[in-house]
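Q: Here's a structure for you.
Only the coordinates and a few stated rules stand behind these numbers; no lab work does. None of the values given here were measured: they were computed from a predicted structure. In this analysis, Cβ positions are derived from the backbone assuming ideal geometry, glycine residues included, and neighbour counts consider all displayed protein chains.
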Amino acid sequence: MKVAIPVWEKRISPVFDTTTHILIAEINGRKLSKKEKMSLESLSVFQRIDLLEKLGVEVFICGGITRPILDSIRSKNIQTFAYVCGDAETVLKAFCDGKDIKALFSMPGDLKKEKG
């Protein structure tokens, strides 16, 4: 399974719409098998969404995101976990371990604890 996480330095990017880098991780079973950081600087938001689909991303974990962009990602049948914050590697490990990342890493103010 491929997981994508927009990143800023070592943390989940606070807003996907303006992020410049994304971490793509491959998970086999519950083991991380490969990860790669990619630049998104030259891509529009909708080109980024198309890239997620082209790369075969199945799970998208992000911080803040506007509703139209979130809906566009979901329309590609990509499972989303929005409004997640923290160190990207820590969140990725928790996801691999089967932990509830929404309960552990929700952004402050995410009163809905929106499910992916």
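Q: Applying the Karplus parametrisation 6.51 cos²θ - 1.76 cosθ + 1.60 with θ = phi - 60° to the phi angles of the range 45-56, what ³J(HN,Hα) value in whole Hz is obtained for each residue in order, glycine and proline being reported as x?
A: 4, 6, 5, 5, 5, 4, 5, 4, 5, 4, 6, x
Q: Right, another one. Charges at C-beta only: +1 for Lys and Arg, -1 for Asp and Glu. How large is the resulting dipole of the chain about its Cα centre, in Debye rounded to 20?
A: Charge dipole, the chain, about its Cα centre: 300 debye, nearest 20.
Q: Along the charge dipole of the range 1-112, Cβ charges K/R +1 and D/E -1, which of Ala94, Thr80, Ile49 sits furthest on the positive end?
A: Of the listed residues, the answer is Ala94.
Q: Would you mind telling me the antiparallel percentage of the DSSP bridges in the chain, rounded to 5?
A: Details: 18 of 25 bridges.
The answer is about 70 percent antiparallel.
Q: Which whole-Hz ³J(HN,Hα) couplings does the range 88-101 yield from phi under the Karplus relation 6.51 cos²θ - 1.76 cosθ + 1.60, θ = phi - 60°, glycine and proline marked x?
A: 4, 5, 5, 5, 4, 4, 4, 4, 4, 7, x, 7, 7, 5
Q: Using a Förster distance of 22 Å, how high is the FRET efficiency between Val15 and Gln47, based on the Cβ-Cβ distance and rounded to 0.05?
A: 0.85
Q: Once phi is turned into ³J(HN,Hα) by the Karplus curve 6.51 cos²θ - 1.76 cosθ + 1.60 with θ = phi - 60°, what whole-Hz value does each residue of the range 25-30 show in order, with x for glycine and proline?
A: Ordered by residue, 3J(HN,Hα) equals 10, 9, 10, 10, x, 10 Hz.
Q: OK, next. Would you pull out the residues with amide H under 5 Å of Gly64's amide H, same chain only if 5 or more places away, H placed 1.01 Å from N?
A: So Gly64 has HN proximity to Val15, Phe16, Tyr83.
Q: Read through the labelled values (1) 18, 17, 14; (2) 22, 18, 14; (3) 26, 16, 11 and report the label of the one computed as semi-axes √(5λ) of the Cα gyration tensor in Å from the structure.
A: Read-out from the structure maps to (1).
Q: Given Lys2/Lys31; Lys2/Lys99; Lys34/Lys54; Lys10/Lys34; Lys10/Lys76; Lys10/Lys31, which pairs have Cα atoms separated by over 22 Å?
A: Beyond 22 Å between Cα atoms: Lys10/Lys76.
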